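Each remark here refers to the structure printed beneath this line.
The values are calculated or read from the model by the stated rules, or taken from the named source; none is laboratory data. On a predicted model such as this, the values are computed, not experimentally measured, just so you know. Glycine also receives a Cβ, built like all others from the backbone with ideal geometry; neighbour counts cover every protein chain displayed. Quick note on the areas: whole protein, heavy atoms, side chains included, nothing else; ligands and nucleic acids left out. Shrake-Rupley method; radii C 1.70, N 1.55, O 1.52, S 1.80 Å.
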Amino acid sequence: MINKTLKKYLLKIPSVRSYVDGVNKVRHENTILNAKVSNVDSLISYSRSPFLFDSKADFLTERLMSHPVRIDTPTIELESIGVSEITNRIEVADRLITSYHKAIEDESLSPLKRDGEDLWTKLLRNELPDLMASIDQRNPEKLVEFLKGFGTSFVWFGGITTCIDGYNKDLRTNRVALTYFDKLVSLAESLGIARLESPESGTWGENLKLSTETLVKRIEDKLGISISPPMGIIHTDGIDIGDSLLHYRHINALYSATRVHQINKYSKSVCEYGGGLGITAMYSRRLGVNDYTIFDLPITCLLAGHYLIHAIGEDNVTLYGEADKYDSIKLLPYWECQNEKDDRFAFALNQDSFPEISDNLIMEYLFQIKRTASDGFLSINHECFEPRTVNNFILQSGGFDKIHRSKCWVREGYVEEFYQV
């Protein structure tokens, strides 16, 4: 052991002093870190979801959850179903390509312009060049082969697949499945077929014990429809509900369809600005709305057309450039909203898109909604880009009366607003 005199002498040497100071700093930081880790473990044991945590990554899951994981929940696994052989895939792809190119040709004649290539098309050209190449080359066989493999692996963006996507930051499949199941429980609560728990009194953290089978039966009995989405059209990851899988986007879409259904008692015509894959339109059709129109980007209309034609039948979907059919889901490029008649629709819907598009398009869409939607407008959107929120754009636009504003049942951080014109 170094005696005190020698130690004092050695510490006068700059290099030795620097080394010792560095070691002491590391020891001090480790002491603080160990105290923090111990404190975190203690906090987790008293947190709202103590049974969730077995990894630091679980913080990424907890932030998405509406329900506390306070009890040992049934094991919920994520399942996968791939595409199946469908005899008319090439014919449908040819139909989609024809409609897409007509839209691109007609866009230059529209008074409603976008500044250059839209975000989604840029994204797809960068991320999925084979998709855009098959469309540009008018090659239906190549398009079919791409779509059959699309979504078989993680994509960081969302909206046009039913695979694991950027919604989940913790990609462990059991955690992904838990967030999907959490949404299913919230859907049941929104319909009043599962009670809403209160942390202030009574039992709390019990609803996650409900089985998937029980929840699905209660929801289907309440709505009077099957909620099983068709499988085999595109790759799907989701929680098993017996004859099908539910991806979180299926649950979001079903919820949106039920919210429109609650205000649209007589199943009047509906238009949706930005429809994604068209899953909300599909569920709305099951709930009785036969006249449903989606306004979206040409590339998104193509992807939605692919899904919907195989989901509900060739004759029940009308693409741009085809003869209009009243009792169909119509997929039109965004500028076509300007060509609809006054009061053409009863209700308009937008979800998860208005805050993410250009200001001039939002203001034009709101003007068209006031002109064409006689009974009201439902918005389900986040407010991440405040002041660019639907609420603020509505105030700028004028001509809307807000009937209600509330948190969304199935989407943490999303707000629902219903307006009358």
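Some notes on this structure:
- Panel values: the chain, Kirkwood radius from alpha carbon pairs, Stokes-Einstein at 25 °C and 0.890 mPa s, translational diffusion coefficient 102 µm²/s.
- The mean accessible area for residues of the chain, using a 1.4 Å probe and ignoring ligands and nucleic acids, is 48 Å² per residue.
- Estimated FRET transfer efficiency (I86, K56; beta-carbon r; R0 41 Å; 0.05): 0.40
- Rg over Rh, two decimals, region 309-417 (C-alpha only, Kirkwood Rh): 1.00
- Largest to smallest accessible area among K183, K169 [probe 1.4 Å]: K169, K183
- With every protein chain in place, region 129-284: carbon and sulfur % of accessible area (1.4 Å): 51 percent
- A simple count of charges around D343, restricted to other residues whose Cβ falls under 14 Å of its Cβ and scoring Lys, Arg +1 and Asp, Glu -1, yields +1.
- In nm, spacing of pseudo-spin labels at S267 and N316 (7 Å Cα→C-beta vector): 1.1 nm
- Working note: Debye formula, equal point scatterers on the alpha-carbon atoms of region 141-252, no solvent; log10 I(q)/I(0) at q = 0.12, 0.20, 0.24 Å⁻¹ is -0.49, -1.11, -1.36.
- Considering helices alone, the calculated mean residue ellipticity of the chain at 222 nm is -13500 deg cm²/dmol, with DSSP H runs of length four and up weighted by -39500 (n - 2.57) and normalised per residue.
- Mean silhouette area of region 149-189, derived from the convex hull of its C-alpha atoms and averaged over all directions, reads 3.2 nm².
- The phi torsions of region 375-388, fed into the Karplus equation with coefficients 6.51, -1.76 and 1.60 and a -60° offset, translate into couplings of 9, x, 9, 10, 10, 10, 8, 7, 10, 5, 9, 3, x, 7 Hz, rounded to whole numbers, with Gly and Pro shown as x.
- The Cα trace of region 167-215 gives Rg and Dmax of 12.1, 34 Å, the first to one decimal, the second as a whole number.
- Loop-located GluC sites (Glu not before Pro) in region 250-324 whose Cβ has at most 16 other Cβ within 10 Å (DSSP): E322
- log₁₀ of I(q)/I(0) at q = 0.25 Å⁻¹ - region 133-201, Debye sum with one point per alpha carbon: -1.07
- Bridge type composition, the chain - antiparallel percent by DSSP, nearest 5: 45 percent
- For region 322-383 and region 218-275, distance of Cα centres in Å: 20 Å
- With Cα atoms, 0 to 90° folded angle of helix 298-312 axis to the chain main axis: 80 degrees
- Quick note on region 87-190: its Rg to Rh ratio, both from C-alpha atoms and Rh being the Kirkwood radius, is 1.07.
- Normalised by residue count, region 338-389 yields a Cα convex hull volume of 70 Å³ per residue.
- Pairs over the 26 Å Cα-Cα cut-off, from the set K56/K183; K341/K407; K265/K330; K217/K325: K341/K407; K217/K325.
- Along region 239-254 the Karplus relation, 6.51 cos²θ - 1.76 cosθ + 1.60 evaluated at θ = phi - 60°, assigns HN-Hα couplings of 8, 6, 10, x, 9, 6, 10, 10, 7, 5, 5, 4, 5, 4, 5, 4 Hz to successive residues, with x for each Gly and Pro.
- Kirkwood hydrodynamic radius of region 225-329, from the reciprocal of the average inverse Cα-Cα distance over all distinct pairs: 14.0 Å.
- Under the combined filter of DSSP loop state and at most 13 neighbouring Cβ atoms within 10 Å, region 322-415 retains these trypsin sites (Lys or Arg not before Pro): K341.
- Hull volume per residue, based on the alpha-carbon atoms of region 233-277 and their convex hull, is 114 Å³.
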